[in-house]
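Enquirer: Mind looking over this structure? Questions follow.
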Amino acid sequence: MLGFLFGRQTGLDDPLRLKRAESTRRALCLELNPDRNVERIHGNGINTIDIEVIEGRYMLSGGADGVVVIYDLENHSRKPHYTCKAVCTVGRSSRHVHKFSVETVQWYPHDTGMFISSSFDKTMKVWDTETLKPAEIFQFVENVYCHQMSPIARKHSLIAVGTKNPKVQLCDLKSGSCIQVLQGHRGEVLSVKWSPRYEYILATASTDSSVRLWDVRRASGSLFTLDQFNGDPSKSSSEAANTAHNGRVNGLCFTGDGLFLLTTGTDDRMRLWETATGKNTLVNYGKVVNESRKGLKFAVSQGCSLEFAFVPCGSSVAVYAVHSGELVTMLKGHYSNVDCCEFHPDYQELYSGGKDSNILAWIPTPRPPDIEEEQDSKKGGSQVALNPAFEDAWSSSDED
């Protein structure tokens, strides 16, 4: 790090290289924060969390109890030990509360005055943050598994919605109605994600083992369906043709630049795809335990020289190097299965929610874990067991 600081001071290195090196170091050194708690509000498991990108201060959570909570992540007490308080809650006493499990929550991408939640009660609600009342309610025939609004769109205000119905529905926030249907899947749609690079590109995952990429301006069908065998007829049978996994596909996440897409399936595999061509990069992540029958919310780091995926894996969070496939570490702290992760790109912090009704905060340690810390972890003395091959990765030159 001293070399980076000297290079920056003398003008040999640009600020971006120093920033990415430090961001990578911080992402590599996450461990459970003993001094930061998140107030426990939910009475059942936590299915989904989201941090707004405007201030990076407020976090949403949605639970199996139908409750939606907004937390303030800022430390107002200025004390080392503090609790992130719930600033407002749509609880069971509210007449607007979801009747059944909340599966997805998302902040409006452009300001904190609005957020969106969807539930097994067959509704998606657009909330006014000030009044905590729905400004718009979209009613569906089937249970809603997921929704997402594009984080970068300027020319449209579409919300993609996945339900028990194989058809992906596009709801327009301006008109308050469903204006388009995407047909092609043969099973329930468990995950939808908009590209962070192109505002009209959408990825969808289904129980039919397929992942499709769409340009929503085209009415003729999907751009292509991801094929785990890259079209090799000797490896795929007619039944397995154009499948991304050998089971239900329940997780999607684009890398920060939108050039790659990560998918997870109940075949205990995670795959990395080129979004421009749909090619399977064949990165081997080993066995990625996936017991979720619904959507799996995982996250990818941003602003780092190396990209990392944070994937719920039983009661732990597995951290993988995205492009090499190596398991970096396992973050252990939950008492039950983890259902969702959210990465805070401003501070390289991670928040995770699980069936134990807890939200845990994982923060960078002051220095990269070394071999002694790895040995301590085997004795139960540390939350992080880091592969030594990654100890100096943060100090490598910027690949970009």
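Enquirer: Within the stretch 123-145, how many residues are part of a loop (DSSP other than H, G, I, E, B), closer than 17 Å to C178 by Cβ and of a type in the set (S, T, N, Q)?
Expert: Matching residues across the stretch 123-145 total 1.
Enquirer: Of the residues in the stretch 43-68, how many are under 22 Å from P345 (Cβ atoms) and in a loop (DSSP other than H, G, I, E, B)?
Expert: 6
Enquirer: Does D121 count as farther than 27 Å from L213 by Cβ, under 20 Å from the mean Cα position of the chain (by Cα) and touching a residue at least 24 places away in the same chain (Cβ under 8 Å)?
Expert: No.
Enquirer: Here is a further query. From the list N242, N230, which residue is surrounded by fewer than 16 Cβ atoms within 10 Å (Cβ to Cβ) and part of a loop (DSSP other than H, G, I, E, B)?
Expert: N230
Enquirer: Which of the residues belonging to the stretch 190-215 are touching an Asp or Glu at 6+ places or on another chain (Cβ under 9 Å) and either among the hydrophobic types (A, V, I, L, M, F, W, C) or not assigned by TED's automatic domain parsing to the domain that holds F140 (or both)?
Expert: The answer is I201, L202.
Enquirer: For the subset of the stretch 11-63 comprising residues that are modelled with pLDDT of 95 or more and hydroxyl-bearing (S, T, Y), which member is surrounded by the fewest Cβ atoms within 10 Å (Cβ to Cβ)?
Expert: Y58
Enquirer: Then there's this: What's the total number of residues in the stretch 182-205 that are within 18 Å of S118 (Cα to Cα) and part of a strand (DSSP E or B)?
Expert: Selection size over the stretch 182-205: 8.
Enquirer: I'm trying to understand the selection: among the residues of the stretch 273-312, which are surrounded by 20 or more Cβ atoms within 10 Å (Cβ to Cβ), more than 22 Å from V192 (Cβ to Cβ) and at pLDDT below 95?
Expert: C304, S305, L306
Enquirer: Regarding G265, is this residue at pLDDT below 95, buried (at least 18 other Cβ atoms within 10 Å of the Cβ) and under 23 Å from F120 (Cβ atoms)?
Expert: no
Enquirer: From the list Q169, Q148, which residue is without any contact (Cβ under 8 Å) to a residue 40 or more places away in the chain, surrounded by 15 or more Cβ atoms within 10 Å (Cβ to Cβ) and either in the same structural domain as D65 (by TED's automatic domain parsing) or outside any strand (DSSP E or B) (or both)?
Expert: Exactly one residue qualifies, and that residue is Q169.
Enquirer: If you don't mind, another one. Mind listing just one residue for me: the one in the stretch 268-310 that is aliphatic (A, V, I, L, M) and touching a residue at least 60 places away in the same chain (Cβ under 8 Å) and, of those, farthest from R17 (Cα to Cα)?
Expert: The first filter runs over the stretch 268-310 and keeps only residues aliphatic (A, V, I, L, M), leaving 270, 272, 276, 282-283, 288-289, 296, 299-300, 306, 309.
With the extra rule that they be touching a residue at least 60 places away in the same chain (Cβ under 8 Å), the set shrinks to 296, 306.
Working: L296: 33, L306: 12 Å.
Applying the filter and picking the extreme gives L296.
Enquirer: Among the residues of the stretch 74-87, is there at least one that is surrounded by fewer than 18 Cβ atoms within 10 Å (Cβ to Cβ), touching a strand residue (DSSP E or B) at 6+ places or on another chain (Cβ under 7 Å) and in a loop (DSSP other than H, G, I, E, B)?
Expert: yes
Enquirer: Looking at the structure I just gave you, is F115 aromatic (F, W, Y) and either in contact with a Cys (Cβ under 6 Å, 6 or more places away or on another chain) or crowded, with 18+ Cβ neighbours inside 10 Å (or both)?
Expert: Considered against the rule, which asks whether it is aromatic (F, W, Y) and either in contact with a Cys (Cβ under 6 Å, 6 or more places away or on another chain) or crowded, with 18+ Cβ neighbours inside 10 Å (or both), F115 comes out as yes.
Enquirer: Separate question: Here are the criteria: (1) out of contact with any Lys or Arg (no Cβ under 7 Å at 6 or more places or on another chain); (2) part of a loop (DSSP other than H, G, I, E, B); (3) modelled with pLDDT of 95 or more. Tell me which single one M270 does not satisfy.
Expert: Against the list (1) out of contact with any Lys or Arg (no Cβ under 7 Å at 6 or more places or on another chain); (2) part of a loop (DSSP other than H, G, I, E, B); (3) modelled with pLDDT of 95 or more, M270 comes up short only on (2).
Enquirer: Just to be sure, is P368 surrounded by 18 or more Cβ atoms within 10 Å (Cβ to Cβ), at pLDDT 50 or above and not hydroxyl-bearing (S, T, Y)?
Expert: Values: surrounded by 18 or more Cβ atoms within 10 Å (Cβ to Cβ): yes; at pLDDT 50 or above: no; not hydroxyl-bearing (S, T, Y): yes.
No; evaluated as a whole, the condition is false for this residue.
Enquirer: So which residues in the stretch 341-355 are crowded, with 19+ Cβ neighbours inside 10 Å and closer than 14 Å to G314 by Cβ?
Expert: C341, S352, G354
Enquirer: Being touching a strand residue (DSSP E or B) at 6+ places or on another chain (Cβ under 6 Å), farther than 27 Å from D128 by Cα and either touching a residue at least 60 places away in the same chain (Cβ under 8 Å) or surrounded by fewer than 20 Cβ atoms within 10 Å (Cβ to Cβ) (or both) is the filter here; which residues of the stretch 172-200 pass it?
Expert: The answer is G184, G187.
Enquirer: If you scan the stretch 104-122, which residues turn out to be within 19 Å of C88 (Cα to Cα) and outside any strand (DSSP E or B)?
Expert: Of everything in the stretch 104-122, those that are within 19 Å of C88 (Cα to Cα) and outside any strand (DSSP E or B) turn out to be Y108, D111, T112, G113.
The values are calculated or read from the model by the stated rules, or taken from the named source; none is laboratory data. All figures in this text were calculated on a predicted structure; none of them were measured in a lab. For neighbour counting, all protein chains shown are included, and Cβ atoms are generated from backbone atoms with ideal geometry for every residue, glycine included.
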